[in-house]
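So the structure is just underneath, and the comments pick up after that.
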Amino acid sequence: AHLLAKQLADARVGIIVSRARSFPMTWDSRRMLPGPPLTWDTNISVLLRHGVTVGVGILEGWEARNTGFEVAWAALQAPGDISKEDALALASSNLEKIFGLPGSGDFVAYKGGDMFDLESKVVAVMSKRRARTEVFA
């Protein structure tokens, strides 16, 4: 997708990358951007720099639990290009925007850090869509 970043931005087409970190699984993937230390750019950073709406997706259900780590890694691989807010949007509001869904308005409270900290724990979820608040001990 990074090869067509300008055209995607001009056409206002959003992209969901199925792997936050590029890996050449096939010969057709040889033009991917591996990120540091081999290149300063990544697929996500190039797309964002051109103004493309980018979301991070998964290929299998078990990958969902690692999404926070994947978007944090994407931000670390593009220092200065992706803020914490941008990283969070990769896994939340950008996906809603790409699929044309209304904003969820959900709020998640963490103890011991934020979504990107290994030590943090979810202590509460306030869901506007579900009209309920859940608190976890």
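The values are calculated or read from the model by the stated rules, or taken from the named source; none is laboratory data. Bear in mind the structure is a predicted one, so any value in this text is a computation, not a measurement. Cβ sites come from the backbone with ideal geometry, for glycine too, and all protein chains shown count toward neighbours. We work out accessible area using only protein heavy atoms, side chains counted, and drop any ligands, DNA or RNA first. Shrake-Rupley method; radii C 1.70, N 1.55, O 1.52, S 1.80 Å.
Starting from the 7 Å offset along Cα-to-Cβ, what nm value, one decimal, do you get for the label separation of Arg12 and Thr26?
Going by the 7 Å Cα→Cβ label model, 3.2 nm.
Grab the beta carbon distance between Lys84 and Leu118, set R0 = 22 Å, and tell me the FRET efficiency rounded to 0.05.
0.90
Treating the angle as unsigned and between 0 and 90°, give the value, to the nearest 10°, between the Cα long axis of helix 67-77 and the longest Cα principal axis of the chain.
So the inclination is approximately 50 degrees.
Work out which trypsin sites (Lys or Arg not before Pro) in the chain are exposed loop sites (DSSP not H, G, I, E or B, at most 13 other Cβ within 10 Å) and give the longest gap free of them.
After excluding every exposed loop site, the longest remaining stretch is 13-127.
Just to confirm the filter: which GluC sites (Glu not before Pro) across segment 28-137 are DSSP coil and have at most 11 other Cβ within 10 angstrom of their Cβ? Don't skip to the end; give the middle numbers.
Values: sites: Glu60, Glu63, Glu70, Glu85, Glu96, Glu119, Glu134; in loops: Glu60, Glu119.
Taking segment 28-137 and a limit of 11 other Cβ atoms within 10 Å, the loop GluC sites (Glu not before Pro) found are Glu60, Glu119.
Counting only C-alpha contacts under 8 Å and six or more residues apart, can you give the relative contact order of segment 96-137 as a whole percent? Mind dumping the intermediate values first?
Working: 57 pairs, mean separation 13.4, N = 42.
Once divided by the residue count of segment 96-137, the mean separation gives 32 percent.
Run the helix sum for the chain: -39,500 (n - 2.57) per DSSP H stretch of 4+ residues, divided by residue count, reported at 222 nm to the nearest 500 deg cm²/dmol.
On the way: 5 runs with 38 residues, N = 137.
Rounded to the nearest 500, the figure is -7500 deg cm²/dmol.
Which far-off residues, 5 or more places away or on another chain, put their amide H under 5 Å from the one on Val52, with H placed in the peptide plane?
Here the answer is none, since no amide H 5 or more places off falls under 5 Å of that of Val52.
First check a/c for segment 43-115, with a ≥ b ≥ c the square roots of the eigenvalues of its C-alpha gyration tensor; if it is under 1.5, answer rounded, and if not, answer prolate when a/b is larger than b/c or oblate otherwise.
On the way: a/c = 1.35, a/b = 1.11, b/c = 1.21.
Note, shape of segment 43-115 comes out rounded.
Between Leu101 and Leu38, what length comes free when the chain is fully extended (0.36 nm per residue of separation minus the Cα-Cα distance, one decimal in nm)? All intermediate terms of the calculation are to be shown ahead of the outcome.
Working: separation 63, 0.36 × 63 = 22.68 nm, distance 3.70 nm.
Extra length available between Leu101 and Leu38 comes to 19.0 nm.
Give, as ranges by residue number, the residues of segment 87-114 whose backbone N falls under 16 Å from the point 7 Å along Cα→Cβ of Ala137.
none
Once you sort the root eigenvalues of the Cα gyration tensor of the chain as a ≥ b ≥ c, which label holds: rounded (a/c under 1.5), prolate (a/b larger than b/c) or oblate (the other case)? Intermediate values should be presented prior to the final figure.
Working: a/c = 2.14, a/b = 1.59, b/c = 1.35.
Prolate shape, in that a/c is at least 1.5 and a/b is the bigger ratio.
Once you keep just the Cα pairs under 8 angstrom separated by 6 or more residues, what percentage relative contact order results for the chain?
On the way: 196 pairs, mean separation 25.5, N = 137.
Relative contact order for the chain comes out at 19 percent.
Please return the longest range in the chain lying between exposed loop sites, taking chymotrypsin sites (Phe, Trp or Tyr not before Pro), DSSP loop only, at most 14 other beta-carbon atoms within 10 Å, and leaving the sites out. Don't jump to the answer; show the numbers that get you there.
Working: sites that count: Trp40, Phe136.
Answer - 41-135.
Just the number, please: percent antiparallel of the DSSP beta bridges in the chain, rounded to the nearest 5.
Roughly 75 percent of the DSSP beta bridges within the chain come out antiparallel.
Please tell me the relative contact order of segment 51-108 in percent, rounded to the nearest whole number, where contacts are Cα pairs under 8 Å and at least six residues apart.
Working: 42 pairs, mean separation 21.9, N = 58.
Dividing the mean separation by the residue count of segment 51-108 yields 38 percent.
Val125: net charge of surrounding residues, Cβ under 15 Å, Lys/Arg +1, Asp/Glu -1, itself excluded?
On the way: positive: Lys111, Lys121, Lys128, Arg129, Arg130, Arg132; negative: Asp106, Asp114, Glu134.
Taking every other residue near Val125 into account, the sum is +3.
Pop out the carbon and sulfur fraction of the accessible area of the chain as a percent, whole number, probe 1.4 Å. The partial results should precede the final answer.
Values: 5440 of 9250 Å².
The computed percentage sits at 59.
Tyr110 to Ala1: FRET efficiency via 1/(1 + (r/R0)^6), r the Cβ-Cβ distance, R0 35 Å, to the nearest 0.05?
On the way: r = 31 Å, r/R0 = 0.89.
For R0 = 35 Å, the calculated efficiency reads 0.65.
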